[in-house]
Amino acid sequence: MTRSVAHDLQVLRRHFIGQRRGALWLGAGLAVLTSLAGIGLLGLSGWFITATALAGLQLTTALVFDVFMPSAGIRLLALGRTGARYAERLVTHDATLGVLAGLRERLLRGWAQPEAAQRLLLRPARLLQRLTADIDALDALYLRMAVPLAVSLAAAAMAGVVAGLHDLRLGLALTAWLLVAGWGSAWVVARRARPVAVRRALALERLRARAVDLVAGQTELAMAGRLTAQCEALAEADARLAATDLRMAGLEARASFAHGLIHTATLVGVLLAAAWLVEQGRIGAPTAALLMLTALAAGEPIAALRRGALESGRTWLAARRLAPAVAAAESAALGEAPKGHLRTATDGGIHLDGAVVRREGGTRPVLQLSSLHIRPGERVAVVGPSGAGKSTLLALVAGELAPAVGDVRAPRATWMTQRPELFRDSLRDNLRLAAPQATDAQLSAALADAGLQADVARLRQGLDTPLGEGGLGLSGGQMRRLSLARLLLQDAPLWLLDEPTEALDAITAREVLLRLEARAPGRTLLIATHLRREAQLADRLLCIEAGELRADLRRGTPAFDTALAALRDD
């Protein structure tokens, strides 16, 4: 079923209202108060200046003319408008930033769910775009659409009331004209700007993605001979963005011209109506000035509407992208669970009952386990050919994958994956991701247990040695040992090890395994491996093939020894 724009906006409206309802209403009220004070100030000032000028033509009128009340009103309106404007900017922007911050947190929490890492690796630029540019685009929903609509309605109503006190037909006509012309022109601008704004947003996203690809992958691009081609693609994306910017600037210029025509038509119409009323003797020159300047000030909110209309396409695109994620986060907050259940095991063991894992968009199971139970403190090795589902099982136990059906219960775990996740920071700070309060002595002990202490000691800056993106500066084996050291620092009851000594030489690997075994007592170990030296740590072998558990073997049985002997000995 195709989602409508109204549905997407309704989802976001619930989030906005749910986050800062009072502040949003207060900000809109202050914006309306600011506009009304500005209209009153300009109208009253025009009336006062005109009336003072006419009163000064004759001595008798000059002596009796009251200058104190109008001047006091002008001062009051001026001070009120200034104060209301300051408060309105403070409240509306604080409320908007607070709502958007809450939205970022909600989306980030929603994306930090099972399978989040896989989605992030597949589409890093897209998710970053959602958290930055798309959420930033939503500020227009309130600041440049909802608030200007309320202000323009209030301004048109006030102008109509002021004019209607002197001529009912003029008041109704002025209100209707301001609303029809203002809202109608904004609607036309929004319709014409929407496709251009969408193309601009897409072009900007493409430009950012290609720039990131160029910076992050310049080594690989150079090795593949594609560096020049990537630079050309970046230049092409920049040219497309510039073309959409030019079209948007043209639309803005035409919208500004149309606003000028509407403004002029409003003033001419009110001028002719006021002149007719003066000719009929129903109003004087000061009142005519009041009507003219009131209509002039009431037309100002249309300019704010024009800006919101120009940005509506970008906001619409952001709403289409974010509404499903916001709705999903709301469902998660309400406890709705469309998939199987992931829970923390109270007894410290691992329990999988009827668990089935499918890839996103797929129908064939990549892993299905009718029943698997691992007691606390057990050491279990998961063996099988590549692609059998070993790493999938670890990801399921770690909570990085959610079962399509079934129930998974496991204690808090620390997971050493096949691909070490290292960051552009010092060795010390990469280690302290696992234990922020760890001392240098504890870090050194973990490095020693991982077989990396000698390598770090040879570095001039030691633990302060900076690493490049993804651990650049270390060899593959050193990165795995650093990842292992980080695991050893984590005080978790369950260790998940995915080929922990891969890329290590035999001597170093055996030393690491001995130290790992010495640190393992009291913990549950689940090791995915195809190496005999790693499986020898286990007292139980789970043989997985094509996503199914083929055998569950215990140490001390002939089948266990046979399966262990069949593993690769490196």
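Coordinate-derived values only; no laboratory data. Since the structure is predicted, the reported quantities are computational estimates derived from the model, not experimental observations. FYI the Cβ positions are ideal-geometry reconstructions off the backbone, even for glycines, and counts take in every protein chain you see.
Rounded to the nearest 0.05, what FRET efficiency is calculated for GLN536 and ALA101 with R0 set to 35 Å and r the Cβ-Cβ distance?
0.10
Say the dipole of the chain comes from +1 at the beta carbon of Lys and Arg and -1 at that of Asp and Glu; which of THR363, GLY22, THR264 then lies farthest toward its positive end?
THR264
Which order results if HIS351, HIS7 are arranged by neighbouring Cβ count within 10 Å, fewest first?
Final ranking by Cβ density, sparse to dense: HIS7, HIS351.
About its Cα centre, how strong a charge dipole does the range 5-325 have in debye, to the nearest 20, once Lys and Arg get +1 and Asp and Glu get -1 at the Cβ?
920 debye
With a Förster radius of 60 Å, plug the Cβ-Cβ distance of ASP440 and ALA239 into 1/(1 + (r/R0)^6) and report the FRET value to the nearest 0.05.
It comes out at approximately 0.70.
What size of dipole, in debye to the nearest 20, comes out for the range 143-277 about its Cα centre when the only charges are +1 on Lys and Arg C-beta atoms and -1 on Asp and Glu C-beta atoms?
Here the range 143-277 has a charge dipole of around 280 debye.
Give me the distance in nm between label points sitting 7 Å out from Cα along the Cα-to-Cβ direction at THR562 and ALA222, one decimal.
The modelled label-to-label distance comes out at 5.5 nm.
Once the dipole of the range 344-565 is set up with Lys and Arg at +1 and Asp and Glu at -1 on Cβ about the Cα centre, which of GLY471, ALA402, LEU526 lies farthest towards its positive end?
Highest projection toward the positive end goes to LEU526.
To check you understand DSSP bridge types, tell me what percent of the beta bridges within the chain (both residues inside) are antiparallel, rounded to 5.
Here the antiparallel bridges make up roughly 45 percent for the chain.
If you work out Rg and Dmax of the Cα atoms in Å from the coordinates, which of (1) 24.7, 72; (2) 34.7, 124; (3) 26.0, 89 do you get?
(2)
Using 7 Å Cα-to-Cβ label points, what is the SER475/ARG247 separation (nm, one decimal)?
5.5 nm
Kindly provide the helix-only [θ] at 222 nm of the chain, computed as the sum of -39,500 (n - 2.57) over DSSP H runs of four or more divided by all residues, to the nearest 500 deg cm²/dmol?
Per the formula, -21500 deg cm²/dmol.
What is the magnitude of the charge dipole of the chain about its Cα centre, with +1 placed on the Cβ of each Lys and Arg, -1 on the Cβ of each Asp and Glu, and no other charges, expressed in debye to the nearest 20?
940 debye
Within the range 380-406, what residues put their amide N at less than 20 Å from the label point 7 Å along the Cα-to-Cβ vector of ALA492?
380-383, 389-403
Please identify the DSSP H helices in the chain that span no less than 30 Å along the helix axis (Cα) and have a mean Kyte-Doolittle hydropathy of -0.5 or more.
5-55, 68-111, 168-216, 227-279, 301-333
Quick check on packing: order 468-474, 404-410, 98-104 by the mean number of other C-beta atoms within 10 Å, highest mean leading.
Output ranking for 468-474, 404-410, 98-104: 404-410, 98-104, 468-474.
Using 1/(1 + (r/R0)^6) with R0 = 30 angstrom and r between the beta carbons of VAL212 and GLU421, what's the FRET efficiency to the nearest 0.05?
Step by step, r from the Cβ atoms, then E = 0.95.
Relative contact order of the chain: what whole-number percent is it, with Cα pairs under 8 angstrom and at least 6 residues apart?
Worked out over the chain, it gives 15 percent.
Using just the C-alpha positions of the range 344-565 as equal point scatterers, what log10 of I(q)/I(0) does the Debye formula give at each q in 0.14 1/Å?
Each listed q corresponds, in turn, to -0.87.
Pop a pseudo-label 7 angstrom from the Cα along the beta-carbon direction at both LEU168 and ALA506 and give the gap in nm to one decimal.
With each label placed 7 Å out from Cα toward Cβ, I get 10.5 nm.
In what sequence do ASP139, ASP561, ASP569 fall when counting other Cβ within 10 Å, fewest first?
Sorted ascending by nearby Cβ count, the order is ASP569, ASP561, ASP139.
Alpha carbon centre of the range 297-317 versus the range 137-204: separation in Å?
Spelled out, the Cα-based centre of one part sits 7 Å from the other.
Of LEU433, LEU496, how do they rank once you tally other Cβ atoms within 10 Å and put the fewest first?
Arranged by neighbour count, lowest to highest, LEU433, LEU496 become LEU433, LEU496.
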